[in-house]
Amino acid sequence: AQQPGTPLSNQEYRQFFRYLRVAHRASTVCLLRELYGCQNPLVQGLDEYENHGVIPEGPICSEPPGTPFFPDFCTFSFYRCTRKRYFIKV
């Protein structure tokens, strides 16, 4: 079992995003995030699932070099949506 608040492993990400692999599905989730924000129960459920049951608090950094730090997971998720980089991890 992974520690709560940690990102999914590569294998877990493949499973998590299997349904979202088609770009229009991933963009639909991003649209929900944009329309309803991170406080929406559906969006929070996805964020919690992506992080083993706990949405990380505090600053977030991502894997790609040169990518900025983010003040919270919500801002990081919006970044992924706006850049259409749906599958980058923290």
**Message:** Could you go through segment 38-61 and let me know if any residue there is surrounded by 10 or more Cβ atoms within 10 Å (Cβ to Cβ), assigned to a strand (DSSP E or B) and within 13 Å of the chain's Cα centre (by Cα).
**Reply:** yes
**Close pairs from segment 62-84: first in contact (Cβ under 8 Å) with a residue 24 or more places away in the chain, partner open to solvent by 70 Å² or more (accessible area, probe 1.4 Å) and among the aliphatic types (A, V, I, L, M), Cβ under 9 Å, at least 6 apart** = C81/L31
**Item:** Complete set of residues in segment 77-90 that are closer than 16 Å to F17 by Cα and either modelled with pLDDT of 85 or more or of a type in the set (S, T, N, Q) (or both)
**Value:** S77, R80, C81
**Asked** Mind checking whether some residue in segment 1-17 is exposed (fewer than 12 other Cβ atoms within 10 Å of the Cβ), of a type in the set (F, W, Y), under 21 Å from R83 (Cα atoms) and modelled with pLDDT under 75?
**Response** no
**Request:** State the number of residues belonging to segment 44-76 that are at pLDDT below 90 and over 15 Å from G5 (Cα atoms).
**Result:** 8
**Request:** Could you list, in sequence order, all residues of segment 68-90 that are outside any helix (DSSP H, G or I) and either small (G, A, S) or open to solvent by 70 Å² or more (accessible area, probe 1.4 Å) (or both)?
**Result:** F69, P71, K84, R85, F87
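The values are calculated or read from the model by the stated rules, or taken from the named source; none is laboratory data. Remember, it's a predicted structure, so these values are computed and weren't measured experimentally. No Cβ is skipped: glycine too gets one built from the backbone with ideal geometry, and neighbour counts run over all protein chains shown. Heavy atoms of the whole protein, side chains included, go into the accessibility calculation; ligands, DNA and RNA do not. Shrake-Rupley method; radii C 1.70, N 1.55, O 1.52, S 1.80 Å.
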